[in-house]
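Trainee: Below is a structure I'd like to ask you about.
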Amino acid sequence: MIHRIVLVGPPGSGKGTQAKRISEHFGIPTISTGDLFRAHMSQRTELGRLASQYIDAGNLVPDDVTTGMLADRLSQPDTAAGFFLDGYPRNLAQAGELDGLLDGKPLTGVVLFDVDRDEVVARLLGRAAIEGRSDDTAEVIGHRMDVYAEQTQPLIDHYEQRGLLARVAASGTVDEVYQRIVAAIESL
Ligand code: B4P
């Protein structure tokens, strides 16, 4: 079965952490818009400079920029066997753009990483101490949570109504969450 799956959940819910493992398990790539932006930022490309103005403040990068970057990545041949999308779409406008980009090859599922705000804030503050990411300060984390609640959470109802949503409890150890996600994907 071909999997074309979106991973959705608040910042710090473990999408990036689990995406690496499930990509290996299912043998298909993960496309992370956050990772693509960070690669541009570390290579100091024009796109990276533009994106950093939004990312460092905890805001979403404008839809046209993000969607253009994603369209380019989705056009590469390794996505023909399926993919996981980590961090896209992040609002309803992007969900509409994605349907257009997939062009007759619809999503096969959406996995929601369900976890409390307090727990994800604690995780991100822990990551801040280790990695020092520019958007992991206490103030910016709080703003990213608000942006998630306002702009990304409406996607949950949108995909539930389309019968695509699988909810996974994303607290517990990384291994426990991984087992639940694999089971959820296999039952889609
Ligand atoms: P992302 O890179 O998507 O950042 P994230 O939401 O913080 O990551 P994630 O939820 O994957 O957390 P992770 O697994 O790393 O986006 C960054 C920024 O890019 C956005 O704010 C936005 O500005 C921009 N952007 C990206 N996509 C966009 C789009 N489509 N449109 C517009 N703008 C966009 O886990 C976090 C921490 O938790 C890690 O330290 C990890 O070790 C830990 N952890 C994971 N699982 C755990 C567990 N089970 N228990 C304990 N700790 C755990």
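The values are calculated or read from the model by the stated rules, or taken from the named source; none is laboratory data. These figures come from a predicted structure and were not determined experimentally. Cβ atoms come from the backbone with ideal geometry, glycine included; neighbour counts cover every protein chain shown. What goes into the accessible areas is simple: the full protein's heavy atoms, side chains included, and nothing from ligands, DNA or RNA. Shrake-Rupley method; radii C 1.70, N 1.55, O 1.52, S 1.80 Å.
Trainee: With a 1.4 Å probe and every protein chain kept in, tell me what percent of the accessible surface of the range 1-112 is carbon plus sulfur.
Mentor: 52
Trainee: Exactly which trypsin sites (Lys or Arg not before Pro) in the range 19-118 are in a DSSP loop and have at most 13 other Cβ atoms within 10 Å?
Mentor: ARG44
Trainee: Further, regarding this structure: Quick one: net charge of SER134's neighbours, Cβ under 15 Å, K/R +1, D/E -1?
Mentor: After counting each charged neighbour, the total is 0.
Trainee: Note down the net charge around PRO106, summing +1 for each Lys or Arg and -1 for each Asp or Glu among other residues with Cβ under 11 Å from its Cβ.
Mentor: Local charge sum for PRO106: +1.
Trainee: Quick one: net charge of ARG167's neighbours, Cβ under 13 Å, K/R +1, D/E -1?
Mentor: Around ARG167, the charge tally is -2.
Trainee: Give, in nm to one decimal, the length gained when the segment between GLN153 and GLN76 is fully stretched (0.36 nm per residue of separation minus the Cα-Cα distance).
Mentor: Contour length minus Cα-Cα distance gives 24.8 nm.
Trainee: Here's a follow-up. What nm distance separates the two modelled labels at ASP116 and SER23, each placed 7 Å from Cα along Cα→Cβ?
Mentor: Going by the 7 Å Cα→Cβ label model, 3.1 nm.
Trainee: Can you give the helix-only mean residue ellipticity at 222 nm for the chain, where every DSSP H stretch with n ≥ 4 adds -39500 (n - 2.57) and the sum goes over all residues, rounded to the nearest 500 deg cm²/dmol?
Mentor: The helix contribution divided over the chain gives -16500 deg cm²/dmol.
Trainee: A further question on this structure: State in Å² the accessible area per residue of the range 1-50; use a 1.4 Å probe, count heavy atoms of protein chains only, and round to the nearest integer.
Mentor: Result: 49 Å² of accessible area for each residue.
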